[in-house]
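The values are calculated or read from the model by the stated rules, or taken from the named source; none is laboratory data. The structure presented is a predicted model; accordingly, all values stated were derived computationally and were not measured. Positions of Cβ are backbone-derived with ideal geometry, glycine not excepted, and every protein chain shown enters the neighbour counts. All accessible areas refer to the heavy atoms of the entire protein, side chains included, with ligands and DNA or RNA removed. Shrake-Rupley method; radii C 1.70, N 1.55, O 1.52, S 1.80 Å.
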Amino acid sequence: MINELSITFGGERMIVNHLKTVFIPKTKQLLVSDIHLGKLSHFRREGIGIPNALEEKNFERLAQLIEHYNPKEVLILGDLFHSVYNSSWQLFDQFCNNFDTISFVLIKGNHDIIKASHYESISNLVVYNEWLNNGFLYTHEPLEIPTTPNICGHIHPGIKIKAKSLPAIKAPCFYLTENQFILPAFGVFTGAMTLKSKENDQVIAIIENEMVRLK
Amino acid sequence: MADKKLTKVQREKNAISYVEHWFEEKGWKAHAFQKKTWKHYLKGNEGIVNAPTGSGKTYSLGFAMLIEYLSSTKPQNHGLQMIWITPLRALSIEIKQSLERIIQDFDIPWQVAVRNGDTSTSDRQKQRRAAPQILITTPESLHLLLASKGYTNYFKHLKLFVVDEWHELIGSKRGVQIELGLSRLRTICPKLRTWGISATIGNLEEAMQVLLGHAETRKQVLIKSNIKKKVKVIPILPSESEKLPWGGHLGIKLAKQILPILEKSTSTLIFTNTRSQAEIWYSHLLDIQPDLAGIIAMHHGSIAKETRAWVEQALHEGMLKAVVCTSSLDLGVDFRPVETVVQIGSPKGIARFMQRAGRSNHSPGKQSEIYFLPTNALELIECSALQDSINQNQMEARLPYQLSLDVLTQYLITLGVSEGFDPKQTYEEIQKTYAYKALTLEEFMDLVQFIVTGGEALSGYDEYKKLVKSKEGKYVLENRRQAMRHRLGIGTIVSDVVLQVKFQKGGMIGSIEEYFVSKLKRGDTFQFAGRLLEFIRIKDLQVQVKLSNKKEGVVPSWQGSRMPLSSQMSSVLRKKITQLANNEFKGKEDQFLMPLFELQRERSKIPTENELLIEKLKTRDGYHVFIYPFEGRLVHEGLATLLAHRIGQIKPLSFSLSYNDYGFELYSDQEIPIDEAINQGVLHDEDLFNDMVNSINSGELAKRKFRDIAAISGLVFKGYPGKNIKTKHIQASSSLIFDVLEDNNPNNPLIRQAYDEVFQFELEEIRLRTFFNRLKTMDIVIKQLDKYSPLSFPIMVERIRGSLSTEKLIDRIKRLQEIND
């Protein structure tokens, strides 16, 4: 089961879901940000025992989403891979191969520092630094003053919810301003940064796998 | 060298008489407990010496070693003979001087060396090349030695292993480190005898078992000195017209009454319970008595090491009239000029109070006096309770840690870094320790497996590498970078993320928790180390500040510095309140309490020890239920959560919980069906474990415990103070690791340990169960209040509130939104 919510951004109808991704029905694009593949392997290479099985969870979820939406294109908004090359890349290579009818687009993030040849060896993967597509400007880091509707990731947005007599809850969230749409981090092994929401901004939090529109 | 023709007994007798002669020359006399220790040591026994500080305990074991040397026909001058463990680096120098004095006076060609975190690398290398005969060190440094190649050779001549201040170590994971270190040394040094030195604690027999192991290969003796310290507690009462507040915890209203006490003694130590309280008291004393400027100082754990050292030195030299301090001065070298001790607020435990009292007046035979300044009215009851306990010499027990898998993980890797380990042999060794006697071979092998594979079956993709099997069948750690990181991480004291506070122009002031700094904005003023500082910025893990010209600033709150009332104290307290309930008002303090307790009686009831009082109150804010088990704040936290959970089974509710050492409050915006709940018997200990697990379902407590466990077992690496090691790509918060492990690998041994520690230490499961047992013979009295009672008021104002909800989280959020709308 995928819990969803319909929103409008930049005049386009979009679906956000509890697996922290966005689907654009018109263009059949699935947007994912900050997967941080390979982070676990880094830890494990340094002798820190966090089970690798978690990495597979990233792919299971991605596969579940692809099955559900049947997208033409999977757009990854940066930080696909966590820094230095390691064997986890082969899992991604394999994954792209399994879904060879889908094209994968990567907007490079600050953690995507592996050699270009690794990208080139995957035939259905295209890499951009930023990408203007269908009226949206896709970047990894949020633009400071977006003039075109900007869809991005990078900051792993989260929100703290607090009210009288109840404890504060922290939850990852989608964060929308008039001209900017920031996605939460998709990766299993990622944290979230607490934001202070401003007036007029929209926040959609993911709490216990449900979507909650906070503003 | 002793005369070979004499028998062993005669040689020892001669040696003892030399030593006694030495005492006479100094004008001293050996204590009975010292002589007893020598005899038992010479017989090959092991044990614990129970003697107060300043009674010559160093000589009890120092001379044991010396007498053996003097009476030997083949005196050993080669290799490490004796290790002296001290929990506090500051004490090393004093011990070194004492031991050096005796080896010099008896002309023994031995070296005494200190090795701890302050020892320079070149000195450490020197110690490794040519081992000193006596090494004074800490638990952490002992493990660092075990992490270096060739340690078997280094330790093989060792005869005596002394653990000083064992009572300080036993209740911590540092104690487990000692147990593990000894388990290895007992195999490689067959002649080894272990001795502990401990102050009085409630479980001395157990403490001995923990130190010596339960295998009992040698005879174990507990040697008690007959030196008793007398302590008198003097309450500081407000003048007739003034009233003590019902709640709060600062006590500065009574500050003026301290001034004459400071006046009449050379030096005074003023103990507070928290660092923020110390900051507030320090500045308040200066406000009401500006003359004190320059002759009073402050000492707590966040103040720069250099400043603390200066304060200690100045105390020694009698230059300071008073020092406001926290537990940072509980232990350590004696300060002769200190004549008086003042305790601000409840000391929470008898042993701690005694220890603080003992910091004054070192002349033997004379009684120590300690002033007790209550910060609220109820604390006055504790004052007479304390005096009763001291007279009866009732001390708290210090419970040893058991089955700490994080410390064991660290230890196994330590052995892997140096000479490797054979699992079968290591298991046999640790089985003999108290901490791991209940660990099954299967659990042990699971842990080894976890370290070897990183928690799962190795796949082709996996590059995980930690311990590998050597040709000799031992597990070793070959990766040099990992080995280096492990050495830097050895230890079980995990500090919070702290930032150094520095003046912009240079000059270290101290360190402060990141948590506090994160709330500051540029230009904010805060009070720290007795100064008003203006926050400028954070740069490279340093907080840059300048002196502020403002008059006031916020005081940082330091987390985790609040202790619960000990079970000993709680029990005495309940007896005391029973007396008051029976109208037995004795002494000045009780007279003072009378009006307050009369009001309690008028508005509610004074509970005796055979009654559990429950108060109900409806206010504008909502519905309150107060319950008073008098079992200390941790037990109350557990009880409150449990009760909230069980009441929630009757009616889904969101609660806000608050607690102090006397009782707890459940508060909700909807009516709480407490009568119904009590009638249905929610106060029982059946299914305690399950209900507790369910009520702390957020795992928040376990997550907090996991922070230390992750650091000790090497799952998180925070770098090393002052060393800029690049580890950014392997940094993750322990809470993130906890979440992923718990979701995906709930059987992970370290996650289970986190939950176990929550039960044992955070919820004090044993005390909780004891309470339920006690409850079986108690009457439950429910009172409806119109106004807050004196007992309920302080709980209501407690700032730290926990909450619990039996509504589904998502429903709660939705409701919460409605509230906001």
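Some observations on this one:
- Residue under evaluation A:Ser87, criteria (1) modelled with pLDDT under 85; (2) crowded, with 21+ Cβ neighbours inside 10 Å; (3) not aromatic (Phe, Trp, Tyr), criterion not met: (2)
Residue by residue, here is whether (1) in contact with a helix residue (DSSP H, G or I) (Cβ under 6 Å, 6 or more places away or on another chain); (2) assigned by TED's automatic domain parsing to the domain that holds B:Ser198; (3) β-branched (Val, Ile, Thr) holds:
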{"position": "B:Leu399", "(1), (2), (3)": "no, no, no"}
{"position": "B:Gln410", "(1), (2), (3)": "yes, no, no"}
{"position": "B:Gly416", "(1), (2), (3)": "no, no, no"}
{"position": "B:Phe421", "(1), (2), (3)": "yes, no, no"}
{"position": "B:Lys424", "(1), (2), (3)": "no, no, no"}
{"position": "B:Gln431", "(1), (2), (3)": "no, no, no"}
{"position": "B:Val468", "(1), (2), (3)": "no, no, yes"}
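- Qualifying residue in the range A:27-39 (condition: assigned to a helix (DSSP H, G or I) and closer than 29 Å to B:Ile451 by Cα): yes
- Test: residue in the range B:457-473 that is surrounded by 15 or more Cβ atoms within 10 Å (Cβ to Cβ) and away from every other protein chain (no Cβ under 14 Å): no
- Search result, residues across the range A:55-76 that are at negative phi and surrounded by fewer than 19 Cβ atoms within 10 Å (Cβ to Cβ): A:Glu56, A:Lys57, A:Phe59, A:Glu60, A:Ala63, A:Gln64, A:Ile66, A:Glu67, A:His68, A:Lys72, A:Glu73
- Taken as a whole, the condition of being more than 14 Å from chain B (Cβ to nearest Cβ), in contact (Cβ under 8 Å) with a residue 12 or more places away in the chain and either in contact with a Lys or Arg (Cβ under 8 Å, 6 or more places away or on another chain) or open to solvent by less than 10 Å² (accessible area, probe 1.4 Å) (or both) applies to A:Ile24.
- The listed residue being more than 14 Å from chain B (Cβ to nearest Cβ), surrounded by fewer than 21 Cβ atoms within 10 Å (Cβ to Cβ) and in contact (Cβ under 8 Å) with a residue 12 or more places away in the chain, out of A:Asn134, A:Asn150: A:Asn134
- Scan of the range B:736-747 for residues that are surrounded by fewer than 20 Cβ atoms within 10 Å (Cβ to Cβ), more than 8 Å from every other protein chain (Cβ to nearest Cβ) and not charged (D, E, K, R), ordered by number: B:Pro746, B:Asn747
- The lone criterion from (1) surrounded by fewer than 18 Cβ atoms within 10 Å (Cβ to Cβ); (2) in contact with a Lys or Arg (Cβ under 9 Å, 6 or more places away or on another chain); (3) at pLDDT 90 or above left unmet by B:Phe271 is number (1).
- Checking B:Thr217 against (1) modelled with pLDDT under 95; (2) open to solvent by less than 50 Å² (accessible area, probe 1.4 Å); (3) among the β-branched types (Val, Ile, Thr), the condition it does not meet: (2)
- Test set (1) within 22 Å of B:Asp743 (Cβ to Cβ); (2) surrounded by fewer than 21 Cβ atoms within 10 Å (Cβ to Cβ) - A:Glu12 fails condition number: (1)
Results for (1) within 14 Å of chain B (Cβ to nearest Cβ); (2) outside any loop (DSSP other than H, G, I, E, B), shown as yes or no for each residue.
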| position | (1), (2) |
| --- | --- |
| A:Tyr85 | yes, no |
| A:Asp100 | no, no |
| A:His111 | yes, no |
| A:Ser123 | no, no |
| A:Ile145 | no, no |
| A:Ile155 | no, no |
| A:Ile159 | yes, yes |
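- Enumerated helices (runs of 4 or more DSSP H) restricted to the range B:603-699, each holding at least 1 residues that are within 14 Å of chain A (Cβ to nearest Cβ) and at pLDDT below 90: B:633-650, B:688-695
- Evaluation of A:Val212 against (1) more than 17 Å from the chain's Cα centre (by Cα); (2) more than 9 Å from chain B (Cβ to nearest Cβ) (one fails), failing number: (2)
- One residue stands out in the range B:265-280 among those that are in a strand (DSSP E or B), of a type outside the set (Phe, Trp, Tyr) and under 21 Å from the mean Cα position of the chain (by Cα): the one that is nearest to B:Asp334 (Cα to Cα), namely B:Leu269.
- Members of the range B:435-456 found to be away from chain A (no Cβ under 14 Å) and surrounded by fewer than 22 Cβ atoms within 10 Å (Cβ to Cβ), listed by number: B:Lys437, B:Ala438, B:Leu439, B:Thr440, B:Leu441, B:Glu442, B:Glu443, B:Phe444, B:Met445
- Exactly one residue among B:Ile650, B:Ile674, B:Ile606 is surrounded by fewer than 23 Cβ atoms within 10 Å (Cβ to Cβ), within 18 Å of B:Ile381 (Cβ to Cβ) and not aromatic (Phe, Trp, Tyr), and that residue is B:Ile606.
- B:Val342 open to solvent by less than 10 Å² (accessible area, probe 1.4 Å), of a type in the set (A, V, I, L, M) and within 23 Å of B:Lys502 (Cα to Cα): no
- Within the range B:305-320, the presence of a residue that is open to solvent by less than 10 Å² (accessible area, probe 1.4 Å), outside the structural domain of B:Phe793 (by TED's automatic domain parsing) and in a strand (DSSP E or B) is excluded.
- Test: B:Asp287 is touching a helix residue (DSSP H, G or I) at 6+ places or on another chain (Cβ under 6 Å) and surrounded by fewer than 20 Cβ atoms within 10 Å (Cβ to Cβ): no
- From A:Thr190, A:Thr194, residue being within 14 Å of chain B (Cβ to nearest Cβ), open to solvent by 50 Å² or more (accessible area, probe 1.4 Å) and polar (S, T, N, Q): A:Thr194
- Residue, least open to solvent (accessible area, probe 1.4 Å), within the range B:176-195, restricted to residues that are under 23 Å from B:Gly416 (Cα atoms) and outside any helix (DSSP H, G or I): B:Cys189
- Number of positions in the range B:326-363 that are in a loop (DSSP other than H, G, I, E, B) and either over 16 Å from the mean Cα position of the chain (by Cα) or acidic (Asp, Glu) (or both): 14
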